[in-house]
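The structure under discussion appears below in the form of C-alpha cells.
Derivation of every value follows stated rules applied to the coordinates shown; laboratory data play no part. Everything numeric in this text was worked out from a predicted model, so none of it was measured. Every residue, glycine as well, gets a Cβ built from its backbone with ideal geometry; the counts of neighbours run over all protein chains shown.
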Amino acid sequence: MYFDLALDLFPLLAAALAAVCCGLLGNFLLLRKQSMMGDAISHSVLPGLVIAFLIASTRSPLVMLVGATIAGVVTVVLVEFVKRFGKVEPGAAMGVVFSILFALGVLLIEKAAVRHVDLDAECVLHGQLETLVWYSAPATISGLWSVETLDAIPRQIITLTIILILAIGFVSLLFKELRLASFDPALATTLGFNSTLLHYLLMIFVAAATVASFEAVGSILVIAMLICPGATARLLTDRLRTQIVLSVLIALFTAVGGYFSATIIPGWFGRDTVNAAGSITVFSGLVLSLTIIISPSHGILSRMIRRIRLSSRVALDDLLATMYRAQEQAQAEMSASDISDAILRSKPQPLLNRAVKRALIQRHRGMYSLTEKGQCAARSIVRRHRLWEHYLVDQAGLAPDHVHETAERLEHLPPVPPAGPQTDPQGKVIPDDPQVP
Amino acid sequence: MPLRIPILFHANMQHSIQEVTDEWPRMSEIIETVTFRAGYNTGMVIGGTALLGLAAGIIGVFALLRKRSLMTDALSHATLPGITLAFLFAGTFGLESKSLPVLLVGASVTGVLGVICVQLILHHTRLREDAAIGIVLSVFFGAGIVGLSYIQANAPGDSGGLNHFIYGQAATMRVGDVVLMGSIALVAIMATLLFMKEFAIVCFNDAFARVDGWPVGLVDLFMMALVVLVTVAGLQAVGLILVVSMLIIPPVAARFWTDRLSVLVLISGIIGATSGYLGATVSALFPRKPAGAVIVLTAGCIFVLSMFLAPKRGVFAHAIRRVSVRVKVAGDHLLEHVYESRQSTLTSDDFANFARMQGWSPLFQLLIRFALRRENMLGSKTRREIRVTEAGLERGARVSRNHALWEQYLVSHADIAPSHVDWSVDMVEHVLSDELIHELETALRNQGVDFPPSLEGVG
C-alpha cells in the first residue's frame with residue numbers, strides 16, 4: 001500500500017498546492033532576473049513572523065500572513081534602498097539585507113521560544129509536512145465524500161488554497177500588464193502601467209505565498225519551487241503563456257513525484273521515510289537537470305546534434321566544391337591524399353565514405369570523381385559562392401581579395417544570393433543554376 | 001515493510017519544558033569574558049571566531065569585487081549534503097564519523113560541486129546567474145535536508161550535532177575544533193595577503209590581466225578556494241546560513257569608507273574581526289544568543305552606520321552635497337537676477353516674486369539666504385530689502401557673463417537653435433572653469449562673435 005489516506009493525503013495536497021502557487025509566481029521573478037528575491041524574502045519573513053507573533057501573541061494564520069507580507073515588502077524596499085543610495089552591487093545588497101533580517105529573526109525566535117512557543121527555526125527550514133496526519137481518515141477513497149472530510153482539512157491547506165486562488169486571479173487578471181512589465185518595465189511605465197507598483201504587488205504575492213507555504217513545506221521548498229519549475233519551463237518554450245502552464249504542470253509533477261520518492265524509495269532498501277520537502281526539492285532539481293540535457297529546443301543534447309549535423313553538412317559541401325574546382329582545373333579525379341590536402345582534413349576517409357554512400361562521388365581504382373548527382377550539388381554550391389563574392393564586391397564595396405572568407409560562410413546558408421553576371425570578381429565562370437536547366 | 005511513522009522535528013521541545021529567562025550576567029563575568037579570562041575554552045572560542053571574522057572580511061573583499069557575493073551563498077548552502085554524506089560514509093572508510101575534519105572535507109567537496117554546477121548552468125543554458133544560484137542553493141540544501149532526516153530516522157548512534165551546522169553553535173565547540181577553525185582562517189589570511197596583487201589585477205580588469213599574461217583562471221580558482229576554506233571553517237561556529245554574511249557584509253560596509261584596495265581590505269578585516277569577537281563574546285555570556293546571529297547583527301549595525309555616516313560615499317554626505325549644489329545654483333541665479341536688474345539691493349517683494357517663479361520652498365529660501373550671507377554675498381536684511389554686497393554683485397556679473405558666453409558657444413559651435421539654448425545654459429553656467437572661459441573667449445573672438453565684455457569693466 002503506497003498511498004495511505006491518513007498519512008499521505010494532506011501532506012501531498014499541501015505540497016502540491018504550495019508547489020503550484022510558488023511555481024506560478026516564480027515565472028515572473030525569473031523573467032525580471034529577481035529569482036534570488038524569492039530566496040531573500042523567504043529568509044527575511046522569519047523576523048516578520050516572529051515580530052507579528054510577539055506583538056499579537058497568537059499564531060493565527062492571518063496575523064502570521066500580515067507580519068510576513070510586511071516583512072517581504074520591507075525586504076524589497078530595503079534592497080532597493082541599499083542598492084540605490086548605498087551604490088552597492090545588486091547581489092551584495094540583497095545578501096546584506098536578507099542576512100541581517102534573518103539574523104534578527106533567529107535572535108527573536110530564541111526570545112519567542114522563551115515564552116513556550118513552538119516557533120522553531122528548524123521547522124522553518126524543513127517544514128512540517130509529515131505532521132499533517134489525519135488520524136481519523138476513512139479507510140477507502142469513497143469515504144472521503146462526507147462532511148467530516150471538510151472539517152478535517154488542516155488550516156495550512158485552507159490558507160494555501162486561498163492564496164493559490166488569489167495568485168491565479170492576480171496572474172490571469174493582470175497577465176498583460178505583468179508580461180509587459182517583466183519584459184520591458186520602462187515601456188510599461190511610459191504606457192501608463194506603473195511597473196514599480198506591479199513589481200511590489202508581485203512581491204506581496206510572493207511573500208504571502210512564501211509564508212502560506214512555509215508552515216507546511218518549509219522555506220527551502222519555497223525557494224526551489226519559486227525557481228525550478230519556471231526555469232525548467234523556460235528551457236522548453238519561448239512563449240510566456242506556454243511557459244506558465246508548463247511550469248504549473250512541472251510543479252505539480254515534482255510535488256507528487258518528490259513526495260512519493262520520499263515515502264517509497266527508502267522502503268525498497270528497508271529504511272524509514274525521509275523528509276518530503278527536501279525530497280521534492282531534489283526531485284525538482286533532477287527534473288531540471290534532465291531538461292537541461294534533453295530539452296528539444298534548448299537542451300545540451302539537441303544543440304550538440306544540431307551542431308554536428310551542421311558541421312557535417314558544411315564538410316560535405318566543402319568536399320564537393322573542392323572537387324568541382326579541381327575539375328575546372330582539368331583534374332577530374334583526385335586521390336584521397338589530394339583531397340585531404342585540399343580540404344585540410346587529416347582523416348578524410350569517413351567523409352569520403354559518406355559522400356560515396358550518398359552517390360555524390362564515386363571511387364574508381366583509388367581515385368575519386370564527382371557523380372552526376374554530385375556535379376549538380378557542387379555546381380549549386382560553387383555558384384552560390386561566386387555569386388556571393390560578386391555581390392560582396394559589387395554591392396557591399398569589399399575589395400575582391402577580401403571576399404573569399406565571407407563567401408565561404410555564406411555559401412552554406414539558406415538565403416539565395418541575387419543573380420549576377422557570368423563571372424565572379426576573380427574572373428572565374430559562375431556555373432549555371434543546376435535546378436534551372 | 002518498514003514502519004512509516006511521520007518524523008516530527010521538534011528540536012525546541014526541551015526549551016518548552018524548562019523555563020529560560022534572559023538574565024544579565026554579572027559585571028565581573030562580562031569583563032572576564034571580554035578580556036579572554038573566562039576559562040581556556042571560552043577564550044579560545046572567542047579568539048578563533050575573531051580570527052575567522054578577520055579572514056572572512058579580507059577574502060570577502062575580493063568576492064565582492066568579483067561580484068560573487070551571492071555565489072558564496074550557493075556555496076555555503078551546498079555544503080550541507082556534503083556534511084551528511086561524510087557522516088554516513090565515514091564509517092565505511094574506517095573513519096570516525098563525527099570527527100570535524102571528515103565532515104568539513106565532505107562540506108568542501110559538495111560546496112565546490114555547487115559552484116561548478118552554477119557555472120555549468122550558466123554555460124550550457126540560457127538561465128541567468130540569479131536563477132542558477134537559486135537552483136543550486138535550494139536543490140543542494142534540499143538534498144542536505146533529506147540526508148539529515150535520513151540520518152535521524154535510520155542511522156545508528158547519536159546524530160545530534162549535525163543540526164548545529166545549519167545555525168551554528170560556537171559555545172559548544174571543543175578546543176580541537178577551534179584550533180582547526182583558527183588555523184584554516186590563518187592560512188586564508190596569509191594566502192590572501194601574499195597574493196593580493198594577483199587578486200587585485202584579476203578583480204579590477206581581468207581582460208587586461210589575461211592579455212598581460214596572468215593565469216586569470218588559476219587566480220580565480222584560488223580565490224574561490226579561499227572562499228570555500230573560510231566558509232567551511234565557519235560552518236560549526238556560525239552556521240551555514242549565516243556564514244555567507246560574514247563574507248558579504250564587512251566588505252560592503254568597508255566600501256563606504258575608502259576607494260583604495262589596501263585600506264578596504266584592512267577596514268573590512270577589522271569589521272569582520274570585531275563582529276566575530278563581539279558575537280562570540282555575547283553568545284558566551286547569554287545562553288540563548290546564537291553566535292551566528294549576533295555576529296551578523298553586529299556587522300549589520302556597522303554596515304548601517306557606515307552607509308549613513310561615511311564621509312564621502314555615505315547617504316548623508318551624499319544628500320548634503322546634493323543640497324549644497326542646489327543651494328549654490330539657486331544663489332547664483334538670485335545674484336544673476338540682481339545684477340541683470342541693474343540694482344544694488346533686492347527688495348523683499350522682488351525676492352518673493354523671484355522665489356515663486358523658481359518654485360523655491362520657504363525652507364529653501366532660508367537656506368539660500370543663509371548660504372549667501374555666509375559667503376558675504378548678501379548683506380544685512382531690513383524689513384523692506386536685502387542689501388547685496390560688492391562681492392555678490394560681482395558674482396552675479398560673472399554668472400551672467402558665463403551664461404552669455406556659453407549661449408553664444410552653443411549657437412555658433414554646437415548648432416543648437418537660439419531658442420533652445422537657454423535651458424542647458426542654466427545648468428552649465430555655474431560650473432564653467434576659468435580655463436574653459438578663457439578658451440571660449442578666444443574661440444568666440446576668433447569667430448568674430450559678440451560677447452559681453454570682461455568683468456574688469458563691471459568692477
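Brief remarks follow.
- Under 5 Å from the amide H of B:G379 lie the amide H atoms of B:R387, B:V388, B:T389, each residue being 5 or more positions distant or on a separate chain, with H modelled from the backbone and absent for Pro and chain starts.
- Kirkwood radius, region A:163-217, all distinct C-alpha pairs, inverse of mean reciprocal distance: 11.8 Å.
- Three semi-axes describe the equivalent ellipsoid of the protein assembly as shown; taken as square roots of 5 times the Cα gyration tensor eigenvalues and ordered largest first, they are 53, 52, 29 Å.
- 10 Å beta-carbon shell around A:K87, net charge (K/R +1, D/E -1): +3
- Lys-Lys pairs in chain A that are eight or more residues apart or on separate chains and whose Cα atoms lie under 28 Å of each other come to 7.
- Degrees, to the nearest 10: B:261-285 long Cα axis against longest axis of chain B: 50
- Each residue in A:C376, B:C203 was given a count of other beta-carbon atoms within 10 angstrom of its own, and listing them fewest first yields A:C376, B:C203.
- Once the convex hull of all Cα atoms in region B:35-248 is built, its volume per residue stands at 129 Å³.
- Net charge dipole size for the protein assembly as shown [Lys, Arg +1 and Asp, Glu -1 on Cβ; Debye, nearest 20]: 640
- Furthest towards positive pole of dipole, A:L180, A:L104, A:H412, structure part chain A, Cβ charges: A:H412
- Under 10 Å, Cβ to Cβ, from B:L378 - net charge with Lys/Arg +1 and Asp/Glu -1: +4
- Inter-part distance where region A:236-251 and region B:44-63 are each reduced to a Cα centre, Å: 44
- Span-rule helices in chain A, defined as complete DSSP H runs reaching 30 Å or more along the axis (Cα) with Kyte mean at least 1.6: A:5-31, A:61-85, A:90-114, A:195-217
- Only Lys, Arg, Asp and Glu carry charge here, each on its Cβ (+1 for the first two, -1 for the last two); on that basis chain B has a dipole of about 940 debye about its Cα centre.
- Taking all Cα pairs closer than 8 Å and separated by 6 or more residues, the relative contact order of region A:330-437 comes to 23 percent.
- A cut-off of 5 Å between modelled amide H atoms, ignoring neighbours fewer than 5 places along the same chain, links A:T273 with B:I5.
- Each Cα pair under 8 Å and six or more residues apart adds its separation to the average, and for chain A the resulting relative contact order is 17 percent.
- Computed Kirkwood radius, in angstrom, where 1/r is averaged over Cα pairs of region A:303-384: 12.7
- Separation between Cα centres of region B:362-393 and region B:175-216, rounded to whole Å: 57
- Within-12-Å neighbourhood charge of B:Y150 [Cβ basis; K, R +1; D, E -1]: 0
- With N the number of residues in region B:286-421, Rg(Cα) / (2.2 N^0.38 Å) evaluates to 1.61.
- Relative to the longest principal axis of the Cα atoms of chain B, helix B:362-374 runs at roughly 70 degrees.
- Shape metrics for chain B, restricted to C-alpha atoms - Rg then Dmax, Å: 32.3, 106
- Listed residues A:H43, A:H364, A:H199, most fluctuating in chain A (Gaussian network, C-alpha, under 10 Å): A:H364
- Ascending count of other beta-carbon atoms within 10 Å, so fewest first, for A:F85, B:F208: B:F208, A:F85
- A crude spin-label estimate for the pair B:K381 and B:V211, with each label 7 Å from Cα along the Cβ direction, gives 5.8 nm.
- Mean separation of Cα contacts under 8 Å (6+ apart) over length of region A:303-384, as relative contact order %: 33
- Cα centroid separation, region B:85-117 to region A:86-115 (Å): 29
- Here A:M94, A:M64, B:M44 are placed in order of increasing Cβ neighbour count within 10 Å, fewest first, which gives B:M44, A:M64, A:M94.
- When chain A is treated as a Gaussian network with alpha carbon springs shorter than 10 Å, the biggest mean-square fluctuation among A:A71, A:A336, A:A19 belongs to A:A336.
- Candidates A:V20, A:V82, A:V416, ranked by Gaussian network fluctuation over chain A, Cα under 10 Å, top entry: A:V416
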